[in-house]
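Colleague: Have a look at this one.
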Amino acid sequence: MTPVDPAPEPTARPYRTQVPLRWSDMDAYGHVNNVQYLRLLEDARVIGFREWFGADKSLLDGGVVVSRHEIEYLAPLTYRPEPIEVDMWVTRTSGAGFTLGYVVRDPESLGESVYALAETGLVLYDFRTSRPRRLTEDERSVLEVHVGGPVAFRWSRR
């Protein structure tokens with residue numbers, strides 16, 4: 001298979017983190033189940049947000065909910081002890097939310113395979129009032145550091 005490099009041309013290299021696979025991620029076909037990709041993306045967000053916003057004031061602690069997901073699967077991913085890498089960047093911001101793009105790939109040490117492209121819409125949420133809340137200037141400044149281009153989906157944007 002010819003390697004695909006669908007990462008955007010961001011203002012800076014996308015944030016990259018490693019996420020471990022679990023034996024239980026596999027399905028009856030012997031590859032990581034499509035539903036488990038949402039967990040892998042969530043793990044990458046949790047790791048990334050702690051680094052982006054700091055452990056003391058992570059966006060996760062302030063309240064953020066998922067509004068949408070889109071995933072395009074490019075190749076089967078089988079369980080292995082080595083982690084996968086997830087590139088993550090901001091594709092769009094709005095008053096009360098933002099969108100993240102992802103590339104799920106092998107670490108360089110394992111090759112150049114890309115397994116999935118994804119995008120997640122997130123809304124900042126105040127659980128006390130049960131309403132969305134606006135991005136603060138500090139939050140917007142952190143997100144702007146990680147802005148990149150749109151996700152290079154092959155099918156949905158034709």
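Colleague: Need one number: convex hull volume per residue for the stretch 81-144, Cα atoms only, in Å³.
Modeller: On the way: hull volume 7.9 nm³, N = 64.
Taking the convex hull of the Cα positions in the stretch 81-144, it is 123 Å³ per residue.
Colleague: Any idea of residue 113's accessible area? Nearest 10 Å², probe 1.4 Å.
Modeller: The accessible area of residue 113 comes to roughly 50 Å².
Colleague: Hey, another quick one. Short version: ³J(HN,Hα) in whole Hz for each residue of the stretch 59-76, in order, from phi by Karplus 6.51 cos²θ - 1.76 cosθ + 1.60 (θ = phi - 60°), x for Gly and Pro, what are they?
Modeller: Values, residue by residue: 4, 5, 6, x, x, 8, 10, 7, 9, 6, 9, 9, 10, 10, 8, 10, 7, x Hz.
Colleague: Longest segment of the chain with no GluC sites (Glu not before Pro) in a DSSP loop having at most 15 other Cβ atoms within 10 Å? Kindly include the intermediate steps, with their values, before the conclusion.
Modeller: Numbers: sites that count: 108, 112.
Counting only loop sites that pass the neighbour cut-off, the longest clear stretch is 1-107.
Colleague: Continuing with the same structure: Projecting each Cα onto the charge dipole of the stretch 49-158 (Lys/Arg +1, Asp/Glu -1 at the beta carbon, about the Cα centre), which of 103, 49, 135 comes out farthest on the positive side?
Modeller: 135
Colleague: Also, quick follow-up: For the chain, what is the calculated [θ] at 222 nm in deg cm²/dmol (nearest 500), taking -39500 (n - 2.57) for each run of four or more DSSP H residues and dividing by its residue count?
Modeller: Taking each H run of at least 4 residues, the total per residue is -6000 deg cm²/dmol.
Colleague: Additional query: How much accessible area per residue does the stretch 28-120 have, counting only protein heavy atoms and a probe of 1.4 Å, in square angstrom?
Modeller: Numbers: 4030 Å² over 93 residues.
Per residue, the stretch 28-120 has 43 Å² of solvent-accessible surface.
Colleague: I want to verify the translational diffusion coefficient of the chain in µm²/s; compute it with Stokes-Einstein, Rh as the Kirkwood radius over Cα pairs, at 20 °C and 1.002 mPa s.
Modeller: For these conditions, the coefficient is 132 µm²/s.
Colleague: So which residue, out of 131, 45, 16, gets the largest mean-square fluctuation from a GNM of the chain using Cα contacts under 10 Å as springs?
Modeller: The residue that fluctuates most here is 131.
The values are calculated or read from the model by the stated rules, or taken from the named source; none is laboratory data. This structure is a prediction, so every number in the text was calculated from the model and none was measured. A quick note on method: Cβ atoms are made from the backbone with ideal geometry, for glycine too, and the neighbour counts reach across all protein chains shown. Keep in mind that these areas ignore ligands, DNA and RNA; they rest on the heavy atoms of the full protein, side chains included. Shrake-Rupley method; radii C 1.70, N 1.55, O 1.52, S 1.80 Å.
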